[in-house]
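S.K.: I have a structure here, written as structure tokens, and I will follow up with some questions on it.
The values are calculated or read from the model by the stated rules, or taken from the named source; none is laboratory data. Nothing here was measured: the structure is a model prediction, and the numbers come from that model. We place every Cβ from the backbone using ideal geometry, glycine too, and count neighbours over all the protein chains shown.
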Amino acid sequence: MRNRLVVVALIALVTAVAGVLRSRRPQLAPPVPEPPRIGYSRNGAAPSTVSV
């Protein structure tokens, strides 16, 4: 009788641990900022052309 209780308790513990591990989601890395595009200014305006 006592052995059955120990086995049931161990199965419940293993099931609970497996459920917790399965529910954990891996943390995503923060997004990397895009490098500046060549030919555009940093404030988003169109590139200035030199008029003579």
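S.K.: Restricting to region 1-48, give me the number of residues that are of a type in the set (A, V, I, L, M, F, W, C), at pLDDT below 85 and within 30 Å of the chain's Cα centre (by Cα). Spell out how you get there, then give the answer.
M.R.: Filtering region 1-48 down to residues of a type in the set (A, V, I, L, M, F, W, C) leaves 1, 5-14, 16-18, 20-21, 28-29, 32, 38, 45-46.
From what's left, at pLDDT below 85: 1, 28-29, 32, 38, 45-46.
From the residues that got through so far, the ones that are within 30 Å of the chain's Cα centre (by Cα) too are 28-29, 32.
Number of matching residues: 3.
S.K.: Now, a different point. Criterion first (modelled with pLDDT under 90 and surrounded by fewer than 10 Cβ atoms within 10 Å (Cβ to Cβ)) does SER51 satisfy it? Before the answer, list the steps.
M.R.: Numbers: modelled with pLDDT under 90: yes; surrounded by fewer than 10 Cβ atoms within 10 Å (Cβ to Cβ): yes.
Spelling it out, SER51 is indeed modelled with pLDDT under 90 and surrounded by fewer than 10 Cβ atoms within 10 Å (Cβ to Cβ).
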